[in-house]
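The values are calculated or read from the model by the stated rules, or taken from the named source; none is laboratory data. Predicted, not measured: the structure shown is a model, and the values here were computed from it. All Cβ positions, glycine included, derive from the backbone under ideal geometry; neighbour counts span all protein chains shown. Only protein heavy atoms, including side chains, enter the accessible area calculation; ligands, DNA and RNA are left aside. Shrake-Rupley method; radii C 1.70, N 1.55, O 1.52, S 1.80 Å.
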Amino acid sequence: MLMNMADLLAVANEHNFAVPAFNVSSSMILKGVMHTCEEMQAPVIIAIHPDELEFVEDSFVKAVIDEANKTTVPVCIHLDHGAKFEQILRAIRDGFTSVMIDASSLPLEENIAITKKVIEVAHPLGVSVEAELGTIGTADDYGEAGSKKIIYTEVDDAVKFVKETGVDCLAIAIGTAHGLYPKDRIPELKLDRLKEIKANVSIPLVLHGGSGNPDKEIGESVKLGVNKINISSDIKDAFYQECRKVLEDKGLREPMAIYPKCIDAMNEVVRHKINLFDDADKVKYYYE
Ligand SMILES: [Zn+2]
């Protein structure tokens with residue numbers, strides 16, 4: 001069941017769970033994620049970053065829409081970190097049901113103005129909008145857009161931003177970073193800040209850079225009111241680590257001989273995240 005993000009996360013907000021947003025830019029990853037979400041009756045967000053869209057091209061979105069239409073699991077197709085207005089328009093034309101406009105590196109007033117402009121075109125078409133306040137760090141050179149220094153989201157800014165823009169959900173910076181953390185760096189979330197923001201802002205909150213944080217902290221953030229958590233590096237890492245092992249057999253060349261094991265390895269991580277976010281068996285709430 002294809003849904004927009006506002007409808008999808010309203011249920012998560014009401015029942016206090018988080019929906020994983022998995023970055024998907026290969027049909028093998030799509031296949032694995034969809035299969036696992038069906039098996040676990042877990043609502044899901046298929047996130048595609050503009051760089052990923054550039055790679056998989058527009059026709060890939062049709063395949064995702066097709067998957068969403070043939071399952072009873074609620075699925076949202078979301079543009080991750082839209083940076084330019086043109087990228088937002090392309091995503092809407094492609095059939096995304098949700099877009100993120102990330103103007104978090106700009107001053108607050110400019111961030112508000114750009115977010116409002118995106119909402120003006122998206123909302124009449126039933127497309128939801130996510131924005132970001134504060135900056136998410138980068139943990140490795142591979143991480144998507146992020147900043148070396150994390151600027152934590154201020155509570156007053158969040159209240160003002162939500163009130164003035166009418167945005168559907170908000171990504172906040174409480175200490176996560178994109179990518180995978182080096183071994184000697186232990187990430188730590190400011191959960192007190194999250195608590196304060198949640199107490200003052202009623203829309204669903206989003207955590208980016210959720211790969212590699214200790215499970216305990218992530219689980220805690222769900223209890224404190226985070227309703228969407230982005231996972232990219234963790235599932236891709238599991239997929240390709242297994243892929244390297246499989247390909248040690250130099251004679252293999254058929255995709256059907258190579259990929260099933262990689263998908264299985266990735267699915268273990270997908271299952272783990274779904275359980276951690278308390279997203280399992282939540283499809284029923286969408287049919288009440
Ligand atoms: Zn992100």
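Can residue 192 be described as away from the ligand (no atom under 15 Å from the Cβ), surrounded by fewer than 18 Cβ atoms within 10 Å (Cβ to Cβ) and under 27 Å from residue 235 (Cα atoms)? No, not satisfied. The requirement of being buried (at least 20 other Cβ atoms within 10 Å of the Cβ), within 13 Å of the ligand (Cβ to nearest atom) and at pLDDT 95 or above is fulfilled somewhere in region 197-206, by at least one residue. Being in contact (Cβ under 8 Å) with a residue 12 or more places away in the chain, away from the ligand (no atom under 16 Å from the Cβ), aliphatic (A, V, I, L, M) and closer than 18 Å to residue 5 by Cβ is true of residue 121.
The residues of region 232-250 that are closer than 17 Å to residue 22 by Cβ, out of contact with any strand residue (DSSP E or B) (no Cβ under 8 Å at 6 or more places or on another chain) and among the charged types (D, E, K, R), listed by number, are 234, 237, 242.
One line per residue, one yes/no per condition, for (1) open to solvent by less than 10 Å² (accessible area, probe 1.4 Å); (2) away from the ligand (no atom under 16 Å from the Cβ); (3) over 23 Å from residue 274 (Cα atoms):
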site: 70; (1), (2), (3): no, yes, no
site: 73; (1), (2), (3): yes, yes, no
site: 89; (1), (2), (3): no, yes, yes
site: 95; (1), (2), (3): no, yes, yes
site: 99; (1), (2), (3): yes, no, no
site: 105; (1), (2), (3): no, no, yes
site: 130; (1), (2), (3): yes, no, no
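Considering only residues that are within 16 Å of the ligand (Cβ to nearest atom), out of contact with any Gly (no Cβ under 8 Å at 6 or more places or on another chain), part of a loop (DSSP other than H, G, I, E, B) and modelled with pLDDT of 75 or more, which ones fall in region 132-166? Passing the criteria: only 134. Of all residues in region 49-68, those satisfying the criterion of being in a helix (DSSP H, G or I) and open to solvent by 30 Å² or more (accessible area, probe 1.4 Å) are 51, 54, 55, 59, 62, 63, 65, 66, 67.
Cβ separations smaller than 7 Å between residues 6+ apart or across chains give the following pairs from region 263-281 residues that are under 15 Å from residue 232 (Cβ atoms) to residues that are in a helix (DSSP H, G or I) and of a type in the set (Gly, Ala, Ser): 266/32; 266/238; 269/238; 270/32.
Being open to solvent by 80 Å² or more (accessible area, probe 1.4 Å) and outside any strand (DSSP E or B) narrows it down to one of 249, 234, so name that one. Break it down into steps so the answer makes sense when it comes.
Working: 234 fails: open to solvent by 80 Å² or more (accessible area, probe 1.4 Å).
Exactly one of 249, 234 is open to solvent by 80 Å² or more (accessible area, probe 1.4 Å) and outside any strand (DSSP E or B), namely 249.
Scanning region 75-87 for residues that are part of a helix (DSSP H, G or I) and within 16 Å of the ligand (Cβ to nearest atom) gives a single hit, 87.
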